[in-house]
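The values are calculated or read from the model by the stated rules, or taken from the named source; none is laboratory data. All figures in this text were calculated on a predicted structure; none of them were measured in a lab. Every residue, glycine among them, receives a Cβ derived from its backbone with ideal geometry; neighbour counts consider all protein chains shown.
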Amino acid sequence: MMNKLLHLQCPMPQLDFDNITLGHGSGGRLTNILLEAGVFSLFENEKLAQRHDGATFELKGETAFSTDSFVISPIFFPDSNIGELAVNGTVNDLAMCGAVPKYLSLSFILEEGLPMTEFWDILNSIRIACHLADVQIITGDTKVVERGKGDKIFINTAGIGQVHPNAKIDITRVNEGDKIILSGNIATHGIAILSIREGLEFETTITSDTTNLNHSIKNLLDKFGKKIHLLRDPTRGGVATVLNEIAQQRELGVSLWERNLPILNQVAGACEMLGLDPLYVANEGLFLAIVANEIADDFLTELRKDQNGKDAQIIGEVIGNHPKKVVMQSRIGGKRVVNMPIGEQLPRIC
């Protein structure tokens, strides 16, 4: 992302320090220098300019709110970093509520010794992600912990958005006969992180799929409105976990079609080599939509016009059989139960 939008990057200012120190979290002069040189200059807007501990704003109609914390390791990975991930993660959580994201809070826990060049790269990435998602940072916080008591940087973001007037996203609206649509290739983010963490090399670089989904979702809500019954982003735990949660909450069954699951060849190969089931691997730029059967084909056609949905597929349907279970029909005609994962396949993915 950073390479594609070089014109939005800001050069790092000349500073008297090369690394984050405990003084940057003291609330005194060093904190002020850090915030003025970084946060306030990069994310400048009328509300943030108040320099207050909070922010005031007006929203009309139903409102959505979400918060998330990001502790990924490593903090830089192919084509992205923890900063972009933090913005997109909360933006997408709001979009899954059927909301149009407007404002974010941004809080850092920095470890003493974090190089300023790395922090600046992350701030620039946050700036670009906000621009692409059309959201504003309007308040936040910065703390510094002693060396060895963090992992370079942790980020918390919280977001507010207005619920789309056509949206009625509610798990109780999931019905037998609904189709399940996945917006793109699974397991890409998790394998991208693992390739860096473990020093794995593939024929082509696997990059994270992190992106904002709010514009894509708004377009679909404009066209299909209340026929979209549920939206979810299959991050930690992957597609299998989300479908199991839906089946158990709604007390219906899910029929999953293996032949329709979209996955990049190199990701599928990496999962096979590492003994990982791609259904349980984390994603960051995908969403699952459960829609009324009568709009499924039109929904898929519309979604595929979008860059975020060019690889979308109808991957299954909601059924009355085997309630509370996800059963996958294999390519060769057999069936197997896809259970909820017991633990994490890959730690520290987001």
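A few points about this structure:
- Residues within segment 243-300 that are among the β-branched types (V, I, T) and farther than 30 Å from L200 by Cβ, tallied: 5
- Check on A270, over 22 Å from L230 (Cβ atoms) and small (G, A, S): yes
- Number of the exception - D209 against (1) under 30 Å from F299 (Cβ atoms); (2) surrounded by fewer than 18 Cβ atoms within 10 Å (Cβ to Cβ): (2)
- Positions within segment 178-223 being of a type outside the set (A, V, I, L, M), part of a loop (DSSP other than H, G, I, E, B) and at pLDDT 90 or above, in sequence order: D178, S183, G184, N185, T207, S208, D209, T210, T211, N212
- Filtered by the rule that a residue be within 19 Å of G98 (Cα to Cα) and surrounded by fewer than 21 Cβ atoms within 10 Å (Cβ to Cβ), segment 139-166 gives A158, Q162, V163, P165, N166.
- Restricting attention to segment 165-177, the residues that are among the basic types (K, R) and either in a helix (DSSP H, G or I) or without any contact (Cβ under 8 Å) to a residue 60 or more places away in the chain (or both) total 1.
- Failed item in (1) closer than 23 Å to F65 by Cβ; (2) acidic (D, E); (3) outside the structural domain of F57 (by TED's automatic domain parsing), with E176 passing the rest: (1)
- Filtered residues of segment 1-28 (kept if at pLDDT 70 or above and not in a loop (DSSP other than H, G, I, E, B)): L8, N19, L22, G23, H24, G25
- Selection from segment 222-245 of residues that are among the aliphatic types (A, V, I, L, M) and under 19 Å from the mean Cα position of the chain (by Cα): L230, L231, V239, A240, V242, L243
Residues are listed down the side, and each one gets a yes or a no for (1) in contact (Cβ under 8 Å) with a residue 60 or more places away in the chain; (2) assigned to a strand (DSSP E or B); (3) surrounded by fewer than 21 Cβ atoms within 10 Å (Cβ to Cβ):
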{"position": "E84", "(1), (2), (3)": "yes, no, no"}
{"position": "V87", "(1), (2), (3)": "yes, no, no"}
{"position": "V91", "(1), (2), (3)": "yes, no, no"}
{"position": "L94", "(1), (2), (3)": "yes, no, no"}
{"position": "S107", "(1), (2), (3)": "no, yes, yes"}
{"position": "T117", "(1), (2), (3)": "yes, no, yes"}
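- For segment 309-322, the count of residues that are among the charged types (D, E, K, R), in the same structural domain as L231 (by TED's automatic domain parsing), more than 15 Å from P234 (Cα to Cα) and in a loop (DSSP other than H, G, I, E, B) is at least one.
- Flag: L286 matches the condition of being modelled with pLDDT of 95 or more and touching a Gly at 6+ places or on another chain (Cβ under 9 Å).
- Residue that is farthest from S330 (Cα to Cα), among those in segment 249-274 that are loosely packed, with under 14 Cβ neighbours inside 10 Å and over 24 Å from the mean Cα position of the chain (by Cα): E251
- Answer from I295, I263, I315 - the residue that is in contact with a strand residue (DSSP E or B) (Cβ under 7 Å, 6 or more places away or on another chain) and modelled with pLDDT of 95 or more: I315
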